[in-house]
Amino acid sequence: MNKNELEISFEFFPPNTNDKIKELLNLVKTLYKKINITFCSITFGAGGSNKKNTLEVIKTIKKNNIECVPHLACISNSKNEIIQLIKMYKNIGIKTILALRGDINKTDNIKTITNNFINSLDLLTLINKKFYKKFALIVSAYPEMHPNTINFDKEVCFIIKKFLFGANKAITQYFYDPDSYFYFLEKIIKYGVEQPIIPGIMPIINVKNLIKFSKKCGANIPKWIYKKLESCKTDNDIENIGKEIVINLCEILIKGGAQGLHFYTLNKIEPTLNILNELIT
């Protein structure tokens, strides 16, 4: 691919200390020097944690004139908290928000949560009501179904609703079977959806962690990938086989018409850079 043809974006999570925040900023700067990045997104942290650190990281990145998209998870925040946070994002020059339901933090009171938001449609409604056309809105999509979704038709219906409620774009959960993405896209396009749905890409770094996380988030790891990774005897073997698998996935997605790639970096940029260096001409 030509580096100017596709939207390339990266996800990072907010570190816990100032030193780690500086390290992350250096990583982001390095990426922007090497790759034509559309934006980097910053999560709320696992399980709804690190909200304060998310804001600090975003402020730091914006000060360096780097395009940054904050994740805004609504399930564990009150409407007033969400409104105040969006106002702060507006004041520091944020132009795009990734609007999510989010994970429930273990420390949250479930009664408090149920009084706020049920899903991301509530958040999209709030943003459009209070900040109409002030932000571009990105949402999540699940080609292999969200763990809480009853069936595939409801998954398709829900992403269509997100677009009807004002979403401009979607980024998918990561997957390793390109057919699941193209089938999902085919079903949605039939309903007249024209907004981009960018595939999420997870480099294969740590097999045990990948299996654990995939079970939690509903991402399927095809059996042939299990078999290939089981045959690896060293970490270096895993890195090489993993890179080969993900590069092949990206090539199929690009040839199939994907408008971009969104990389879940886990705050490690080398695996992603190694993949992109093979893809970019």
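Please treat every number below as a calculation from the coordinates, not as lab data. Remember, predicted model here, so these are calculated numbers, not experimental data. Cβ placement follows ideal geometry from the backbone for every residue including glycine, while neighbour counts extend to all protein chains displayed.
Key figures for this structure:
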| read-out | value |
| --- | --- |
| Anchor Lys216: aspartates and glutamates whose Cα lies under 19 Å away (excluding residues fewer than 8 positions away in-chain) | Glu11, Asp103, Glu144, Glu155, Asp177 |
| Check: the chain dipole with +1 on Lys, Arg Cβ and -1 on Asp, Glu Cβ, in debye | 1100 |
| Amide hydrogen neighbours beyond the local backbone of Ala141, cut-off 5 Å, H modeled | Ile171, Thr172, Gln173 |
| Residue-by-residue Karplus 3J(HN,Hα) for region 168-176, coefficients 6.51, -1.76, 1.60, Hz, glycine and proline x | 9, 6, 10, 10, 7, 4, 5, 7, 10 |
| Compactness index (Cα Rg / 2.2 N^0.38 Å), the chain | 0.98 |
| Simple spin-label estimate for Phe131 and Glu56 in nanometres, 7 Å along Cα-Cβ | 2.2 |
| Stretch gain in nm, segment Asn277-Gln195, where the contour uses 0.36 nm per residue and the Cα spacing is subtracted | 26.7 nm |
| For region 156-244, alpha-carbon Rg over 2.2 N^0.38 Å | 1.31 |
| Distance between modelled label sites at Glu186 and Asn267, nm, 7 Å Cα→Cβ extension | 4.1 |
| Cα→Cβ-extended label distance, 7 Å offset, between Ile118 and Lys216, nm | 2.7 |
| Whole-Hz couplings from phi, Karplus 6.51/-1.76/1.60, listed for region 67-84; x for Gly and Pro | 5, 10, 10, x, 6, 10, 9, 9, 5, 10, 10, 6, 4, 5, 4, 5, 4, 5 |
| Fewest-first ranking of Glu194, Glu244, Glu155, Glu144, using other Cβ atoms within 10 Å as the exposure measure | Glu194, Glu244, Glu155, Glu144 |
